Amino acid sequence: MVTFVQQFLNGLTIGSFYAFIALGYSLVYAIMKLINFAHGDLFALGSYVAYSFLVWASAALTAALGLWGALAVAMVVAGVSVAIAGLLMERVAYRPIYPAGRLPAVVSALGVSIFIENFIMLVWGPRYQAYRSEFVPVGYFQIGELRISILQVVILISAVILLGFLYWLIEKTTFGAAVRATAQDRATAALMGIDFRKVIRFVFTVGPALGAIAGVMVGLYYRQISFSMGWIYGLKAFVATILGGIGNIPGAMVGGILLGLLEAMFAGYVSAAWKDVIVFAVLMLILIFRPTGLLGEKVAEKV
Amino acid sequence: MNDAAILEVKGVTKRFKGLVAVNKFDMLIRERTIHSLIGPNGAGKTTLFNVISGIYRPEEGKVIFLGEDITGRKPHVLVAKGIARTFQNLRIFPNLTCLENVMSGQHCRGRCGTWSSIFRTPRQRAEERRIQEVAERWLERTGLWEFRNELAKNLPFGLRKMLELARALATEPKLLLLDEPTTGLNDKEKEDIMEFIGGLPEMGITVLLVEHNMNVVMGISERITVMDMGEKIAEGTPEEIYNDPRVIEAYLGREEAVA
Amino acid sequence: MREIIAGLRNDPRARRIAVGIALALMVAFPFFASAYWVDVAFYLGLYTLLGLSLNVILGEVGLFNLGHAAFWAFGAYTTAILNTRFDIPTLALIPISALATAGFAWLVTSPIIHLRGDYLCIVTIALGEIVRLALNNDPGGITGGPNGIFGIDRPRIGGLVINTPTEFYFLVWIIVVICAWALLRLQNSRIGRAWNYIREDELAAECMGVDVRAFKLLAFTLGAALAGVAGNLYAAKMMVVSPESFTFMESCLVFMIVLLGGMGSVPGTLLGALVVSLFPELFRPLARYRMLIFGIALVAVMYFKPAGMWPRRRATFRSVIGREAGKA
């Protein structure tokens, strides 16, 4: 029972990382029908930016705002800088190439991915970096044999708040309706007076920012970060996106959590070495039987 | 005049998530005729069309082609059996030449596989020659000869429509399904294409023509089936249909009732 | 320059001479170049072969396959296992690796072949990862885990052992030339056209009588077979195979070879392979920055040449009913 609860919580935590990253994929895909291969690397970039910021400023900030305050500031800094990087990426590598078709855009995305990964490696070095113990909260609750770290609880609570906010923004507000309309049919949405540029800017601000926040959380949770971690997290998050139905915003959240739980349970009860194999095998099975994802709508081609 | 049935639709029903698009539909098409299927927009014509050409599998009912039950068979199988089609919103192969586009029709008449294609066996050469010959003849008949080496996407719209027709004819069909062949054309082009279609029964090709515009099909069809809300509401010769009150109601009635 | 290229396109004799000169240069190359550059040319040949194999799937049929390394790995491991365990000569394993990889591809792609576009793309990525992770986890002790398998024999023809860079250079390029020749012939045939119909419009192709499913599977198995051959050559050259050689990055590189060169273009694939495999060599002085520059270069090529650097030009057929344009 203890193992189960422990693994369940671990699964929820990892799942919320995936959900954060998956949202970025799904938003971009919904609007541009493009798999943004560079998204995972933006996530890694966020982790590194926050790392450097904390190394530079954590002492002063902790003294002024306390450790949690310092971490919150670091997240904002990482979120803002990565959002800028995302907007820049859209402007330089996607907007000029998008009209040429989807395949050139995919190659361009791969190019950006390689660029960011190597940029991180050049700036921060090819070896692992560790989030220092002075800026990682260490407290935990002990309930019987069960040990729950405060960090984990804070991650989960902020995940619920952030994802809830996004859900509200996209499903309940007028602006969200504009985003969804553009996802459905870009031309018609434009005719109805929706500013496509604005929607694009939104997507390339919020997606990367969420990715960066996930990057900071991963850094705090695992302590170790590497320049190449973007791609495996990116890939898993993409699996989550598919699970939820690509382009389906709430689906991406649910898909992320489901994937995290599946992974944690499999690692805890069966085999840690084969857990990624299972993740990908499940993905394949789902797509074989439900070609548009678990929650995805069935889109029949118009004949 | 030949009275043998080429295609029979028996009690076909097709639903989409509970919405009935085609309801217990019956229709019989005789050989070497032009048979039109008309009805207002959203009547279910294209859905029925997709059932006949094998894209959709009906929930109920049967489609019988030359005495054989072909319900639910895949489109490429039906093409080989002699049913070809065009699309309402034009689906040519944009980045291939016109000749290559029309050659696609002969694909199903070929047999040669990977190895004979690599080694260019005499049989493969003969087959390639035949495929090309049939395609060229259809390009000639449809007046597209001079564009044969042009990429299909570079043709003007009217010619692309014609190209799609040539491509379907290159399959050597017994039954040709045309989904709104005149949409988007100017009057001259409309006239040309309808005249061309009118000549098809003489070549032994039966035509099923889907249209929402009644006037287009009046002069050319031997029989007309009228469809509304997924059901058959009338069938007969053009004169009968023209005077049928139910048809007039389907086309005009509801608007009048509102007005 | 432009006139020369146009001339080559339109005059079959000039084209034959150009190909002849290129082949002669290829034969002469190892006798002038240093062993280092001959080795580079071997890898260029290997990537060209991989590019050609993916070109069948991605370029001709338009199936987004971002897990091509799985097939390459399957061929390499088939060769490694059969050679080290059963002493089957590596050269004899070329057809066996091709067949085994084709069978593997048929098996794993049959259930997913109906997926479209991006969904297929993501499943092939997953496939690539599953294969790599499985090789890494050493199921049943046959793949040697993260260390892989070593001690693979050199290829032998009679008494000749293929050992030096020059010998490997000739081995790989002879195979590349044969494959390129075969693929060019397939392009202008019923098979190649059917693939292109599917790429242009899947539904229309089906409605024109192309068995879409069968032809997609054909492309996957044929492409995988060629990747299996590349795997065999790689294993024979390195004498060791390990999972880290078959990462997602490798799949991406091959994907980029096809798109940089131009979808469905055989000479384009050669050009794409040239860029991808020579880039790191030419930018060696910039060592640390070269992949960074490579990333920028990808974006730039897609901006200036979205259809690739050497896109395929559709063939013009000589009329068989013998009329001239306009006189019909």
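The values are calculated or read from the model by the stated rules, or taken from the named source; none is laboratory data. The structure presented is a predicted model; accordingly, all values stated were derived computationally and were not measured. Quick reminder, even Gly has a Cβ in these numbers, built from the backbone with ideal geometry, and neighbours come from all protein chains shown. Just the protein is used for accessible areas: all its heavy atoms, side chains included, with ligands, DNA and RNA removed. Shrake-Rupley method; radii C 1.70, N 1.55, O 1.52, S 1.80 Å.
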### Message
Checking the structure you have, find out if any residue of the stretch C:258-266 is within 22 Å of C:V56 (Cβ to Cβ), open to solvent by 40 Å² or more (accessible area, probe 1.4 Å) and within 18 Å of the chain's Cα centre (by Cα).
### Response
yes
### Task
Mind listing whichever residues of the stretch B:147-191 are more than 14 Å from chain C (Cβ to nearest Cβ) and open to solvent by 70 Å² or more (accessible area, probe 1.4 Å)?
B:P156, B:F157, B:N186, B:D187, B:K188, B:E191
### the stretch B:1-50: number of residues that are assigned to a strand (DSSP E or B) and either over 21 Å from B:F87 (Cβ atoms) or open to solvent by less than 60 Å² (accessible area, probe 1.4 Å) (or both)
28
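At pLDDT 90 or above and either open to solvent by 10 Å² or more (accessible area, probe 1.4 Å) or within 24 Å of A:A83 (Cβ to Cβ) (or both), is that true of A:V153?
Numbers: at pLDDT 90 or above: yes; either open to solvent by 10 Å² or more (accessible area, probe 1.4 Å) or within 24 Å of A:A83 (Cβ to Cβ) (or both): yes.
Yes, satisfied.
In the stretch A:258-274, which residues are outside any loop (DSSP other than H, G, I, E, B) and either open to solvent by 50 Å² or more (accessible area, probe 1.4 Å) or touching a Lys or Arg at 6+ places or on another chain (Cβ under 6 Å) (or both)? If you could, list the steps in order and put the result at the bottom.
First, pick out the residues of the stretch A:258-274 that are outside any loop (DSSP other than H, G, I, E, B): A:258-269.
Correct list: A:L258, A:L262, A:E263, A:F266, A:A267, A:Y269.
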### Summary
Within the stretch C:109-130, residues being part of a helix (DSSP H, G or I) and either open to solvent by 30 Å² or more (accessible area, probe 1.4 Å) or touching a Cys at 6+ places or on another chain (Cβ under 9 Å) (or both) number 4
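Take B:E68 and decide whether it is over 20 Å from the mean Cα position of the chain (by Cα) and either more than 10 Å from chain C (Cβ to nearest Cβ) or closer than 20 Å to B:I197 by Cβ (or both). It would help to see each step written out before you state the result.
Numbers: over 20 Å from the mean Cα position of the chain (by Cα): no; either more than 10 Å from chain C (Cβ to nearest Cβ) or closer than 20 Å to B:I197 by Cβ (or both): yes.
Criteria not met by B:E68.
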#### Entry: Within the stretch A:219-233, tally of residues that are modelled with pLDDT under 90 and part of a helix (DSSP H, G or I)
2
### Query
How many residues, within the stretch B:88-104, are open to solvent by less than 10 Å² (accessible area, probe 1.4 Å) and either part of a strand (DSSP E or B) or at the interface with chain C (Cβ under 7 Å from one of its Cβ atoms) (or both)?
7
### Query
Between residues in the stretch A:100-114 that are facing another protein chain (nearest Cβ under 7 Å) and residues that are open to solvent by less than 10 Å² (accessible area, probe 1.4 Å) and among the polar types (S, T, N, Q), which pairs lie under 9 Å by C-beta distance while being six or more apart or on different chains?
A:V112/A:N36
#### Entry: Failed criterion for B:P122 (all others in (1) more than 25 Å from C:R213 (Cβ to Cβ); (2) buried (at least 21 other Cβ atoms within 10 Å of the Cβ) hold)
(2)
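Has the stretch B:72-91 got at least one residue that is over 25 Å from C:E202 (Cβ atoms), touching a residue at least 24 places away in the same chain (Cβ under 8 Å) and of a type outside the set (S, T, N, Q)?
From the stretch B:72-91, those over 25 Å from C:E202 (Cβ atoms) are none; that's our starting set.
No, there is no match, as no residue in the stretch B:72-91 is over 25 Å from C:E202 (Cβ atoms), touching a residue at least 24 places away in the same chain (Cβ under 8 Å) and of a type outside the set (S, T, N, Q).
Working only within the stretch C:220-254, note down all residues that are among the aromatic types (F, W, Y), under 13 Å from C:N65 (Cβ atoms) and crowded, with 24+ Cβ neighbours inside 10 Å. Steps first, please.
Within the stretch C:220-254, the subset among the aromatic types (F, W, Y) is C:220, C:234, C:246, C:248.
Then drop every residue that is not under 13 Å from C:N65 (Cβ atoms), which leaves C:220, C:248.
If the condition is that a residue be among the aromatic types (F, W, Y), under 13 Å from C:N65 (Cβ atoms) and crowded, with 24+ Cβ neighbours inside 10 Å, then C:F220 is the only one that fits.
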### Query
Out of B:F16, B:F49, which single residue is over 23 Å from C:V210 (Cβ atoms) and aromatic (F, W, Y)?
B:F16
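Condition first: of a type in the set (A, V, I, L, M, F, W, C) and open to solvent by less than 10 Å² (accessible area, probe 1.4 Å). Now tell me which residues in the stretch A:1-29 satisfy that. Break it down stepwise before answering.
Let us first name the residues in the stretch A:1-29 that are of a type in the set (A, V, I, L, M, F, W, C), namely A:1-2, A:4-5, A:8-9, A:12, A:14, A:17, A:19-23, A:27-28.
If the condition is that a residue be of a type in the set (A, V, I, L, M, F, W, C) and open to solvent by less than 10 Å² (accessible area, probe 1.4 Å), then A:F17, A:A19, A:F20, A:I21, A:A22, A:L23, A:L27, A:V28 are the ones that fit.
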### Message
Looking at (1) buried (at least 24 other Cβ atoms within 10 Å of the Cβ); (2) at the interface with chain A (Cβ under 10 Å from one of its Cβ atoms); (3) not in a helix (DSSP H, G or I), which one does C:A307 not meet, given that it meets all the others?
### Response
(1)
### Task
Filter the stretch C:259-299 for residues that are within 22 Å of A:P99 (Cα to Cα), assigned to a helix (DSSP H, G or I) and at the interface with chain A (Cβ under 8 Å from one of its Cβ atoms) and give the result.
C:L259, C:L260, C:G295, C:I296, C:A297, C:L298, C:V299
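Rundown of residues vs (1) free of Cβ contacts under 8 Å to residues at least 60 places away in the same chain; (2) in a helix (DSSP H, G or I), yes/no style:
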site	(1), (2)
C:E167	yes, yes
C:L171	no, yes
C:I174	yes, yes
C:V177	no, yes
C:A182	yes, yes
C:G192	no, yes
C:R199	no, yes
C:A205	yes, yes
C:G209	yes, no
#### Entry: Which listed residue is touching a residue at least 60 places away in the same chain (Cβ under 8 Å) and either open to solvent by less than 10 Å² (accessible area, probe 1.4 Å) or polar (S, T, N, Q) (or both), from C:G62, C:G45
C:G45
### Query
Out of curiosity, is B:C112 at pLDDT below 95, within 8 Å of another protein chain (Cβ to nearest Cβ) and assigned to a helix (DSSP H, G or I)?
no
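Only one of these is within 21 Å of the chain's Cα centre (by Cα), hydrophobic (A, V, I, L, M, F, W, C) and within 10 Å of another protein chain (Cβ to nearest Cβ): C:A194, C:A225. Name it.
Values: C:A225 fails: within 10 Å of another protein chain (Cβ to nearest Cβ).
After applying the criteria, what remains is C:A194.
Among the listed residues A:G86, A:G40, identify the single one that is modelled with pLDDT of 90 or more and away from chain C (no Cβ under 14 Å). Lay out the reasoning, then the answer.
Values: A:G40 fails: away from chain C (no Cβ under 14 Å).
Only one candidate qualifies: A:G86.
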#### Entry: Members of the stretch A:123-150 found to be open to solvent by less than 40 Å² (accessible area, probe 1.4 Å), of a type in the set (A, V, I, L, M) and over 22 Å from A:A57 (Cα atoms), listed by number
A:L146, A:I148
### Query
open to solvent by 60 Å² or more (accessible area, probe 1.4 Å) and closer than 30 Å to C:W181 by Cα - does that describe any residue in the stretch B:59-69?
no
#### Entry: Options C:F104, C:F71; residue that is assigned to a helix (DSSP H, G or I) and either aliphatic (A, V, I, L, M) or open to solvent by less than 10 Å² (accessible area, probe 1.4 Å) (or both)
C:F71
